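Quick notes on the structure that follows.
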Amino acid sequence: MAKRKKKKTPKKGNKFTALIIVLVAGIIISRFITPVTADGNAHYSRDLCVPRFVDGTEHQIVKHDGYTLSYNNDTRNADWVGYELTGEEVQGVVERGENFEPDPLVRGPQACDSDYKKSGWDRGHLAPAADMKWSKKAMDESFYLSNVSPQDKQLNRGTWKKLEELCRDKAELYGRVIIIAGPLFYDKKPRYIGENRVRVPDAFFKVLLSDYRGKHRTIGFLFDNKGGKSKLKEHATTVDRVEELTGLDFFAQLPDSIETGAEASYSAAFWGI
């Protein structure tokens, strides 16, 4: 009678190796595949709200509950402030704060509220307080002066405010919007306010991203830091154009095939301008 061959028993080492391979594969897949919610919007990590300087410049990255920012001690302004705004957050009921104060997480020199008093400039929010009504802590942190820049009164209370309202409308309509805003400095004769020499921006930018129903759409806005009546469409531009002026790479975490196409144009109809 022929002897039956014994089945080979897998070695423990082989089982362990297979487990490691499965885990590594899972990590790689989760890194490049973005889960999608029932409303057609993708869940992104907070990193999508964090642009990076093309030339590798690094400043302080400060993370708060409602937003992330890059702080520049030289200008006493943020380089940018980024956050995700959802339709649910827009429905928040937390009352508006009122106490502007230095950011406890910022290292080195920064602005104080006294720098703005009698300066002729508004304390212009980059991440507006009205977008932080979903949390008392987020509301309080929106009044840190790291989230504020000297802004022309007419701009702050006019067209800039209209853009903030547009962002909330679109967050409700499309489920979520990624928002990144900041100051621009290009005047050879810089202006400063206060004892802490807070530099006055020459202009401001804001870029938006929506992934409504799986299609990525972006738009950029540019505003000179001065008064005057204008419509939002007069300030609209592509994200590519804002990148040229800021030296920032927005939404770099998206696959290049998506990022390149989305940032090269914008739909005025989609954004309602």
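The values are calculated or read from the model by the stated rules, or taken from the named source; none is laboratory data. What you see is a predicted model; the values in this text were computed from it and never measured. Note: ideal-geometry Cβ built from the backbone for every residue, glycine included; neighbour counts use all protein chains shown. Just so you know, the surface numbers come from the protein's heavy atoms only, side chains and all, with ligands and any DNA or RNA stripped out. Shrake-Rupley method; radii C 1.70, N 1.55, O 1.52, S 1.80 Å.
Which residue is farthest from Val94 (Cα to Cα), if the candidates are limited to the range 129-148 and must be open to solvent by 10 Å² or more (accessible area, probe 1.4 Å) and touching a Lys or Arg at 6+ places or on another chain (Cβ under 9 Å)? By that ranking, first place goes to Ala130.
Inspect the range 196-211 for any residue being free of Cβ contacts under 8 Å to residues at least 12 places away in the same chain and farther than 30 Å from Trp134 by Cα and give the result as yes or no. There is no residue in the range 196-211 that is free of Cβ contacts under 8 Å to residues at least 12 places away in the same chain and farther than 30 Å from Trp134 by Cα. Among the residues of the range 236-269, the ones that are under 19 Å from the mean Cα position of the chain (by Cα) and closer than 30 Å to Lys153 by Cβ come to 14 in all.
Okay, residues lined up against (1) over 22 Å from Gly108 (Cβ atoms); (2) touching a helix residue (DSSP H, G or I) at 6+ places or on another chain (Cβ under 7 Å):
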| residue | (1), (2) |
| --- | --- |
| Asp122 | yes, yes |
| Val148 | no, no |
| Lys189 | yes, no |
| Ile219 | yes, yes |
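Just checking, which of Arg107, Arg168, Arg123 is more than 20 Å from Ile180 (Cβ to Cβ) and either surrounded by 21 or more Cβ atoms within 10 Å (Cβ to Cβ) or among the basic types (Lys, Arg) (or both)?
Details: Arg168 fails: more than 20 Å from Ile180 (Cβ to Cβ); Arg123 fails: more than 20 Å from Ile180 (Cβ to Cβ).
Testing whether each residue is more than 20 Å from Ile180 (Cβ to Cβ) and either surrounded by 21 or more Cβ atoms within 10 Å (Cβ to Cβ) or among the basic types (Lys, Arg) (or both) leaves just Arg107.
The set of residues in the range 72-89 that are part of a strand (DSSP E or B), touching a Gly at 6+ places or on another chain (Cβ under 9 Å) and open to solvent by 10 Å² or more (accessible area, probe 1.4 Å) comprises Asp79, Thr86. Please specify each residue of the range 238-273 satisfying the condition of being outside any helix (DSSP H, G or I), surrounded by fewer than 15 Cβ atoms within 10 Å (Cβ to Cβ) and free of Cβ contacts under 8 Å to residues at least 60 places away in the same chain. Once the filter is applied, which keeps residues that are outside any helix (DSSP H, G or I), surrounded by fewer than 15 Cβ atoms within 10 Å (Cβ to Cβ) and free of Cβ contacts under 8 Å to residues at least 60 places away in the same chain, the range 238-273 yields Ala264, Ser265, Ser267.
Among the small types (Gly, Ala, Ser) and either more than 19 Å from Tyr83 (Cβ to Cβ) or open to solvent by 10 Å² or more (accessible area, probe 1.4 Å) (or both): which single residue out of Gly214, Gly220 fits that description? Before the answer, list the steps.
Details: Gly220 fails: either more than 19 Å from Tyr83 (Cβ to Cβ) or open to solvent by 10 Å² or more (accessible area, probe 1.4 Å) (or both).
Among Gly214, Gly220, only Gly214 is among the small types (Gly, Ala, Ser) and either more than 19 Å from Tyr83 (Cβ to Cβ) or open to solvent by 10 Å² or more (accessible area, probe 1.4 Å) (or both).
Could you list, ordered by first residue, the pairs with Cβ atoms under 6 Å in which the first is in the range 103-126 and under 12 Å from Phe143 (Cα atoms) and the second is of a type in the set (Asp, Glu) and at pLDDT 95 or above, at least 6 apart or interchain? From the range 103-126, no pairs qualify.
From the list Thr9, Thr68, Thr37, Thr86, pick out the single residue that is within 25 Å of Ser135 (Cβ to Cβ), at pLDDT below 55 and among the hydroxyl-bearing types (Ser, Thr, Tyr). Can you show your working first?
Numbers: Thr9 fails: within 25 Å of Ser135 (Cβ to Cβ); Thr68 fails: at pLDDT below 55; Thr86 fails: at pLDDT below 55.
Only one candidate passes the filter, namely Thr37.
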